[in-house]
Amino acid sequence: MANLFVISVLSLLIGSGFCCDQPSVDSSYYTSTNLKLGKNAAFVVELTVKCKNNVQDLKLYADVNGVQYPVTKSPEGNNYQVSWTAKNKKSPAALFDVKFFDESGYNALKKAARINQDANTVKPLFSVDVKHHGMSSGFWVSSELIALAAASLIFYVVCNERSAVIS
Amino acid sequence: RSIMKYCVLVLFLSCFCVVASEESSAKLILTKNILNSIITQGNDLAIEYNMYNIGDGVATDVELADSTLHDTDFELISGKMSVKWDRIQPGTNVTHVVVVRPLKSGAQNFTSAVVQYVASEDSEPKFGFSSEIGEVEILSLKEYNRLYAPHVVEWGMFGIWTIPSLLLPYMLYYNSKTKYTVKAKKN
């Protein structure tokens, strides 16, 4: 009887040890915005997660637009990072809803994909919004083009006047 | 006798099974490459680390550390230099990105990052080095602006300097034009 009690208490402790209760997330992100430096875009989301039941060492997975990435952890502290890249293709301005799942959530997500169920039925542990402003190379019209247009306009006006005088 | 033969066969096959399961181990290959096309002092530089598990076992306790980007030469903008993954399944790959800003211009040697992982259960941690990027020329901010900045101020100054050489002949023409058209009207 006592053994059963001990086992049940232990299992409860172990069970709660892997689930994060009411996570509070502090996040920051980075997205590539300078097109002049290169076409490849990098996206980095860094976060600090504190669980109410003080669970450390969470095993998290991030879902970005249907693609899952494992979340890395820094050796010390509760800092996590997930990063992905977009190489050789355009990265227009977008709002990424990055959903974070724990181990059980990730397994549920994979199961939903296997049985062709809607992935939105699996509830994430928390989610972070990443606003990507798009990659730009400065003003959409280059200054050389404006200078050329102005010079052409002046040339056209002068030519008109000259032909009016000559004729 | 047939039973004995069967037992011997089962024993023989099970030896193979034991040997096969002992051999499943992970092997990680780490590549480090630069995402930028242009690297400048004062502008962001994104470095991507790709880790591929080409073995047939799960790699556990995977730790990536890059200590080659010193504080004196690079300012860390985003990402952590030292991260760990719990496990990497065989035949899969993971990505890690770090964004820094070079503080100095000139030639810079980008050397390898280090990965430490456990290839199979209860084995000693293995080490691996990433691919090297080698020596890369970092453009100074002045050089970058010379090539890629919008040059709006330069064009504006050029416009201002051309105004006298355009305005002066135009004023002469305009004066003579008004003088002669008035005379034509009078006639």
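The values are calculated or read from the model by the stated rules, or taken from the named source; none is laboratory data. The shown structure was predicted, so the numbers you read here are calculated from the model rather than taken from an experiment. Cβ placement follows ideal geometry from the backbone for every residue including glycine, while neighbour counts extend to all protein chains displayed. Calculation scope for accessible area: heavy atoms of the full protein, side chains included, ligands and nucleic acids excluded. Shrake-Rupley method; radii C 1.70, N 1.55, O 1.52, S 1.80 Å.
Mind checking which pairs have a first residue in segment A:77-90 that is in contact (Cβ under 8 Å) with a residue 12 or more places away in the chain and within 10 Å of chain B (Cβ to nearest Cβ) and a second that is of a type outside the set (K, R) and open to solvent by 50 Å² or more (accessible area, probe 1.4 Å), Cβ under 9 Å, 6 or more apart or different chains? Here the result reads A:V82/A:Y69; A:S83/A:Y69; A:W84/A:V67; A:W84/A:Y69, each pair linking segment A:77-90 to a residue that is of a type outside the set (K, R) and open to solvent by 50 Å² or more (accessible area, probe 1.4 Å).
Please specify each residue of segment A:80-103 satisfying the condition of being surrounded by 13 or more Cβ atoms within 10 Å (Cβ to Cβ) and over 16 Å from the mean Cα position of the chain (by Cα). Listed by number, the residues that qualify are A:D102, A:E103. Has segment B:14-37 got any residue that is more than 14 Å from every other protein chain (Cβ to nearest Cβ), more than 29 Å from A:S28 (Cβ to Cβ) and buried (at least 18 other Cβ atoms within 10 Å of the Cβ)? Yes; the residues of segment B:14-37 include at least one that is more than 14 Å from every other protein chain (Cβ to nearest Cβ), more than 29 Å from A:S28 (Cβ to Cβ) and buried (at least 18 other Cβ atoms within 10 Å of the Cβ). Does segment A:139-149 hold any residues that are surrounded by fewer than 13 Cβ atoms within 10 Å (Cβ to Cβ) and modelled with pLDDT of 85 or more, and which are they? Scanning segment A:139-149 gives A:E144, A:L145, A:L148, A:A149. For segment B:109-127, the tally of residues that are surrounded by 19 or more Cβ atoms within 10 Å (Cβ to Cβ) and assigned to a strand (DSSP E or B) stands at 4.
Condition check ((1) at pLDDT below 90; (2) among the hydrophobic types (A, V, I, L, M, F, W, C); (3) in a loop (DSSP other than H, G, I, E, B); (4) more than 13 Å from B:Q116 (Cα to Cα)) across all residues:
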| site | (1), (2), (3), (4) |
| --- | --- |
| B:K32 | no, no, no, yes |
| B:I47 | no, yes, no, yes |
| B:L76 | no, yes, no, yes |
| B:K80 | no, no, yes, yes |
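Inside segment A:16-46, residues that are open to solvent by 30 Å² or more (accessible area, probe 1.4 Å), assigned to a strand (DSSP E or B) and farther than 19 Å from B:V83 by Cα make up a count of 2.
Selection of segment B:82-105 for residues being open to solvent by 20 Å² or more (accessible area, probe 1.4 Å) and in a strand (DSSP E or B) yields B:S82, B:K84, B:D86, B:R87, B:N93, B:T95, B:R101. Would a scan of segment B:149-162 turn up a residue that is closer than 20 Å to A:S74 by Cα, open to solvent by less than 40 Å² (accessible area, probe 1.4 Å) and not in a helix (DSSP H, G or I)? Within segment B:149-162 (the criterion being closer than 20 Å to A:S74 by Cα, open to solvent by less than 40 Å² (accessible area, probe 1.4 Å) and not in a helix (DSSP H, G or I)), the answer is no, since none of the residues qualifies.
Scanning segment A:42-56 for residues that are more than 8 Å from chain B (Cβ to nearest Cβ) and in contact with a strand residue (DSSP E or B) (Cβ under 7 Å, 6 or more places away or on another chain) turns up A:V45, A:L47, A:T48, A:V49, A:K50. For the structure I just gave you, tell me whether B:E75 is over 17 Å from the mean Cα position of the chain (by Cα) and open to solvent by 50 Å² or more (accessible area, probe 1.4 Å). No: the conditions fail for B:E75. Could you please let me know if B:N50 is within 12 Å of another protein chain (Cβ to nearest Cβ), closer than 23 Å to A:G38 by Cβ, surrounded by 19 or more Cβ atoms within 10 Å (Cβ to Cβ) and not charged (D, E, K, R)? In short, no.
Residue count for segment B:111-142 under the criterion of being in contact with a strand residue (DSSP E or B) (Cβ under 6 Å, 6 or more places away or on another chain) and within 17 Å of B:I77 (Cβ to Cβ): the result is 1. Report yes if some residue within segment A:128-141 is within 14 Å of another protein chain (Cβ to nearest Cβ), assigned to a helix (DSSP H, G or I) and aromatic (F, W, Y); otherwise report no. No, that holds for no residue.
When residues in segment B:71-100 are screened for being within 12 Å of chain A (Cβ to nearest Cβ) and touching a Ser or Thr at 6+ places or on another chain (Cβ under 9 Å), 18 of them pass.
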